[in-house]
Amino acid sequence: MRFAYADPPYLGCAARYADRHPNAMIWDDPKTHQGLIERLCEEFPDGWAMSLISPTLKTILPMCPDDCRIGAWVKPFCSYKPGVSVAYAWEPVIFRGGRKRPKYEGPGKGRDTWNVRDWVSSVITLKRNTPGAKPDAFCWWIFDLLGMKPEDEFVDLFPGSGAVGRAWNLYCRADRDCPLWA
């Protein structure tokens, strides 16, 4: 199967990346995000996930197919911004598709599937030299949301710090005691 993760410059925040990417400012246009969603749907029908910032959810979600869902990355420790009275302590993740989960046959039978929560709690990364670099726990959650397996093809559309690719390599090497990996 073929999966993707997209962590583009967030709508309205592209200036943070202008020194790293010559075309960063195009991401302040909602049409650019619309094009990304269309690309994800076309090129990755097995499943994909995309990060965004909470104030833009009302703009970006209507661009998505009806079968998309929203997950949440909850940050127990986050950066506080001057002049912002309520901290941005969570980020939405829109996701679509994924591998169908097998029936759970382990202890405590009776559950229909191997469950993955639609949220993860993980602290932000620090000192990665790239704004918005994702922690391993977040990345592994994305891989679990989509039901990914080591033999799957995974494409990180915005590799930035390389953290998501490194997390995928670790995930693929992990010893799994889970029916999904059987």
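The values are calculated or read from the model by the stated rules, or taken from the named source; none is laboratory data. For clarity, every value in this text was computed on a predicted model and none was experimentally measured. In this analysis, Cβ positions are derived from the backbone assuming ideal geometry, glycine residues included, and neighbour counts consider all displayed protein chains.
Can you tell me which residue is modelled with the highest pLDDT among those in segment 133-179 that are assigned to a loop (DSSP other than H, G, I, E, B) and of a type in the set (Lys, Arg)?
So the first thing to find is which residues in segment 133-179 are assigned to a loop (DSSP other than H, G, I, E, B), and the list is 133-135, 146-152, 157-162, 174-178.
Of the ones still in play, those that are also of a type in the set (Lys, Arg) are 134, 149, 176.
Details: Lys134: 90, Lys149: 94, Arg176: 56.
My answer is Lys149.
Here Pro92, Pro76 are screened, and the one residue that is loosely packed, with under 13 Cβ neighbours inside 10 Å, closer than 18 Å to Trp119 by Cα and in contact (Cβ under 8 Å) with a residue 40 or more places away in the chain is Pro76.
How about segment 38-69: which of its residues are under 16 Å from Asp7 (Cα atoms) and in a loop (DSSP other than H, G, I, E, B)? Selection gives Phe44, Leu52, Ile53, Cys64.
Scanning segment 56-73 for residues that are farther than 20 Å from Phe154 by Cβ and surrounded by 13 or more Cβ atoms within 10 Å (Cβ to Cβ) returns Thr56, Leu57, Thr59, Ile60, Leu61, Met63, Cys64, Ile70, Ala72. Each residue in segment 86-116 was checked for being modelled with pLDDT of 85 or more and either of a type in the set (S, T, N, Q) or under 17 Å from the mean Cα position of the chain (by Cα) (or both), and 12 of them qualify. What are the residues in segment 8-57 that are at pLDDT below 95, under 22 Å from Trp168 (Cβ atoms) and among the charged types (D, E, K, R), if any? Across segment 8-57, the qualifying residue is only Arg20.
Restricting attention to segment 1-37, the residues that are exposed (fewer than 13 other Cβ atoms within 10 Å of the Cβ) and among the acidic types (Asp, Glu) total 2. Residues in segment 82-97 that are outside any strand (DSSP E or B) and in contact with a strand residue (DSSP E or B) (Cβ under 8 Å, 6 or more places away or on another chain): Ala89 alone.
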